[in-house]
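Notes to accompany the following structure.
Derivation of every value follows stated rules applied to the coordinates shown; laboratory data play no part. Note that the structure is a prediction, hence the values are computed from the model and not measured. Note: ideal-geometry Cβ built from the backbone for every residue, glycine included; neighbour counts use all protein chains shown.
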Amino acid sequence: MLIKMQTMNIEKFMTYNQTPQLFKRYTGNPILSSTIWPYKINSVFNAGATIYDGKVLLLARVEELRGFSHLCKAVSVDGFTDWVIDKQPTMMYEPDKCPEEKYGIEDPRIVKLEDEGIYAITYTSFSESGPLVSLATTSDFNTFKRFGVVMPPDDKDASLFPRKFNNRYLLIHRPASSNPSLGSHIWLSYSPDLKHWGESTILLHARKGSWWDAYKVGLGPQPIETSEGWLIIYHGVKTTAAGSLYRLGLALLDLDDPSKIIKRCDDWVFGPEEIYERIGDVADVTFPCGVVVKGDTLIMYYGAADTTIAIATASVKEILNYIKES
């Protein structure tokens, strides 16, 4: 009885109220963990998400017991339950063919390219010189065409937009500053062919001082097209005496020119609250890499404490109203 009461007190202490309550956690969280994986792994988290063949498809980051990560597919009809997981890695790192993948591949974002009708996957390759942005395309999520390195180290948190702007592809990504005091910001880069990139510019600055997103910012899920603009859910990192704290904020970009920010909200809207988000391989992390939208419902898949995958849902209309009124 004493142990039970102590556990209840800890859970009460570690759970706090947030405003606004735009995102609602799924009662079945966490949805995916190492305990249900068909082969032996350490953890599963940070999944890209899309709709494929009428079903929700996740391409999850799976960390092996030796520490390297690969990508594995999980599919569900409703996007919440009865996940069918590939019995072996779906997309494995290939250091012999792609030396930039020497230490694994991580954190995918998925978009369907409108002109080509194929899916583009941007992901982090862990090279000898650190993390960098790589790109692959697929039409079936069984075979993949690798384009290799898109952005050199240190760079990550990348996604393409699903369509071109002025006949050019647009990549959102986050290079790391060599000087931490300058912060790490979200950038945009353009390409005519998915191989050659340039005209890079900062889109969203990490703020300074005591802000919740003062240390660094990075893209969460892929950009989400709405009637009001491109919805960007991004993570901000605040360094505390106990370590880094990952929380989520919102921004809205112009539909025709995403380099123009319509609005950036000041407050964070989602952060570590539940036990499975606050305790794990990396404490105090809520890190989404993928969303799907069904009608007005946005389903966000996020890594919880770098250990499991969980879901939070929100109304797109409520999010847009919040951004406009913020």
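Counting neighbouring Cβ atoms within 10 Å and putting the fewest first, the residues C265, C72 line up as C265, C72. With springs only between Cα atoms under 10 Å, which of P175, P153, P38 fluctuates most in a Gaussian network model of the chain? With Cα springs under 10 Å in the chain, the top fluctuation among P175, P153, P38 is at P38.
Cross-link pairs exceeding 32 Å in C-alpha to C-alpha distance, out of K164/K317; K97/K263; K87/K263; K73/K102, comprise K97/K263; K87/K263.
What's the local net charge at K87, with K and R +1, D and E -1, over the other residues with C-beta under 14 Å away? Residues near K87 contribute +1 overall.
Short-range pairs are left out: with C-alpha atoms under 8 Å and at least six residues apart, the relative contact order of the chain is 16 percent.
Enclosing the Cα atoms of segment 145-190 in their convex hull gives a volume equal to 83 cubic angstrom per residue.
Put in order of Cβ neighbour count within 10 Å, fewest first, the listed residues D281, D115 become D115, D281.
Dividing the convex hull volume of the alpha carbon atoms of segment 45-146 by its residue count gives 101 Å³ per residue.
The phi torsions of segment 111-116, fed into the Karplus equation with coefficients 6.51, -1.76 and 1.60 and a -60° offset, translate into couplings of 9, 9, 6, 4, 6, 8 Hz, rounded to whole numbers, with Gly and Pro shown as x.
Cα centroid separation, segment 227-287 to segment 123-172: 21 Å.
Residue exposure proxy: L182, L71, ordered by other Cβ atoms within 10 angstrom of their Cβ from fewest to most, comes out as L182, L71. Phi angles across segment 227-244 convert, under the Karplus curve 6.51 cos²θ - 1.76 cosθ + 1.60 with θ = phi - 60°, into 3J(HN,Hα) values of 5, 9, x, 7, 7, 10, 9, 10, 9, x, 10, 10, 8, 10, 4, 9, x, 7 Hz, Gly and Pro given as x. Computed on segment 229-326, the Cα convex hull volume stands at 104 Å³ per residue. Annotation: the chain has a Kirkwood hydrodynamic radius of 19.9 angstrom, from the mean reciprocal C-alpha pair distance. Which of P180, P89, P258 moves the most in a Gaussian network model of the chain with Cα springs under 10 Å? The residue with the greatest mean-square fluctuation here is P180.
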